[in-house]
1. May I ask you to verify whether A:Tyr6 is aromatic (Phe, Trp, Tyr) and more than 28 Å from B:Pro59 (Cα to Cα)?
2. Quick one: which residue in A:Val163, A:Val136 is in contact with a Lys or Arg (Cβ under 8 Å, 6 or more places away or on another chain), within 14 Å of another protein chain (Cβ to nearest Cβ) and assigned to a strand (DSSP E or B)?
3. Restricting to the stretch B:54-108, name every residue that is of a type outside the set (Ser, Thr, Tyr), in a loop (DSSP other than H, G, I, E, B) and out of contact with any helix residue (DSSP H, G or I) (no Cβ under 9 Å at 6 or more places or on another chain).
4. Does the stretch A:171-185 contain any residue that is in contact with a strand residue (DSSP E or B) (Cβ under 6 Å, 6 or more places away or on another chain) and either under 17 Å from A:Phe49 (Cβ atoms) or more than 14 Å from chain B (Cβ to nearest Cβ) (or both)?
5. Would you pick out the residues in the stretch B:138-157 that are buried (at least 16 other Cβ atoms within 10 Å of the Cβ) and either away from chain A (no Cβ under 11 Å) or part of a loop (DSSP other than H, G, I, E, B) (or both)?
6. I'd like to verify a number: residues in the stretch B:45-60 that are surrounded by 18 or more Cβ atoms within 10 Å (Cβ to Cβ) and more than 7 Å from chain A (Cβ to nearest Cβ), how many?
7. Could you tell me whether A:Ala131 is at the interface with another protein chain (Cβ under 7 Å from one of its Cβ atoms), among the small types (Gly, Ala, Ser) and either buried (at least 23 other Cβ atoms within 10 Å of the Cβ) or outside any strand (DSSP E or B) (or both)?
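The values are calculated or read from the model by the stated rules, or taken from the named source; none is laboratory data. No experiment lies behind these values; they were computed from the predicted model shown. Note that each Cβ is placed from the backbone with ideal geometry, even for glycine, and that neighbours are counted across all protein chains shown.
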Amino acid sequence: MTVLKYPFDERSVRALKAGNAVSITGRIYTGRDKFHKYVADGGEMPVDFRDGALYHCGPVVVEENGGYRVVAAGPTTSVRENPYEPDFIAKSGVRLIIGKGGMDAATLEAMRRHGCVYVQAVGGAAALCAASVRKVAGVSLLDEFGAAEAVWHFDVVGFKGVVAMDSHGGSLFADVAAASKRRLAALLSLEEYAFNTGHR
Amino acid sequence: MDVVARIADLIRETSSSLPDDVERGLRRALRREEKDSSAAVVLRTILDNVKLARKSGTPLCQDTGTLTFFVSESLRRKATPERIRRAVALATERGWLRKNTIDSVSGVSYDDNCADGAPVIHYVASARPTVTLLMKGGGSENMSRQYSLPDSALGAGRDLEGVRRCLLDAVVKAQGYGCAPGVLGVCIGGDRATGYETAKEQLLRPLDDSSDDPALRALERRVLDEANSLGIGPMGLGGKTALLGLKIAARPRVPASFFVTVAYMCWALRRRTMEIQG
């Protein structure tokens, strides 16, 4: 298990390979559909993502004693941000994208060029992800986007994930998908098993 | 305790406490993986999450899903749709369920998770006076599918070999999306609607049971082993377990149709039964 601490410098991020388990500590920012569109449309970056982490997550947050408490904070499916992510990576200097299900070839290429990796959080592990958030340090664009889509500033300790796409063009999803399709073609005695699972 | 409060408790328990057989299946899967593999990390994270959610009584997964109730006929006047809806509204108010019900025309949220058709309620014949709840999230429901045989791309004809081909195809297509290791509920035959209904009902069977029909039992075992040999693993990151279970039922069909329906369920197979005495 590789321990990653904020700020995430380029050298440690480039040292990661697809398949490495990681434990993340420090600041991460959430951002999903509305946030990506907002940045693509020329909106001002609400926080500094340089050497930081972006988490595809729509948390359940309750207001309590003048602060916030996170109840559930599992990952949401990342493919919806494919159209925006290469530009976002280039513009923001972000080093870790955390989400679920992986992203496309253009995003993988942007990660190679700029030194960024994709970390697969465990889908459905909402209680555990919430528990790793030790503090909600702030929130941006809350009025504009609502609680599920706002940019939350989480301070996490020991947030677990697996590097699924690295900065050298390696993608666990693509490898596993290709191998499983070859194996299925063999099992079914098919010349070619053509279905595209979306992981290229 | 009144019926509304008891059903609200059932909802909380179902949402926060994974059934023992599913948890055992996850532990077995973990033992099969190499110690520091990504599959082992994912499975350990899932098991830690299961433990934490049970202890804190909070939802296992933020997608608290479609709620489907199976209620004994004998409880028709006790566990009425109106009372079940009140229990759902109460559970939502207490934070045991996410606000998860959207009007399909207007896009507006039903903030108490109650509407015409939500939750889903079936009154069924049963030996004991029980209420069973199944909670199934959208990520897994999106991976359910229905095949119409013959299917030339899969080389699948109208026989059990054709069914086998469909089931393996469904597992390959779900990789990376439906949170694996999952469970397949399957219906061979029926019409399109009863196919999906029967397939989903198979998810209520304990993981360690098998079909009474020898041919289906053999198919369940074979496809389960083959699916786990594809290398897909937990969350599609590679590994030895893509499926925890595979449950097949068959229904009669008309000569013109041969459907194979697959209800894909993620590892968060939230199901629970409670008895209500008269």
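1. yes
2. A:Val163
3. B:Arg76, B:Arg77, B:Gly95, B:Asp103, B:Val105, B:Gly107, B:Val108
4. No, the conditions are met nowhere in the stretch A:171-185.
5. B:Glu141, B:Met143, B:Ser144, B:Arg145, B:Gln146, B:Tyr147, B:Leu149, B:Asp151, B:Leu154 - these are the residues of the stretch B:138-157 that are buried (at least 16 other Cβ atoms within 10 Å of the Cβ) and either away from chain A (no Cβ under 11 Å) or part of a loop (DSSP other than H, G, I, E, B) (or both).
6. Looking only at that region, the number is 2.
7. yes
Yes or no, residue by residue, for (1) in contact (Cβ under 8 Å) with a residue 12 or more places away in the chain; (2) within 14 Å of another protein chain (Cβ to nearest Cβ); (3) outside any helix (DSSP H, G or I); (4) of a type in the set (Gly, Ala, Ser):
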| site | (1), (2), (3), (4) |
| --- | --- |
| B:Glu197 | no, no, no, no |
| B:Lys200 | yes, no, no, no |
| B:Leu203 | yes, no, no, no |
| B:Gly231 | no, yes, yes, yes |
| B:Gly245 | yes, no, yes, yes |
| B:Ile248 | yes, no, yes, no |
| B:Arg253 | yes, no, yes, no |
| B:Ser257 | yes, no, yes, yes |
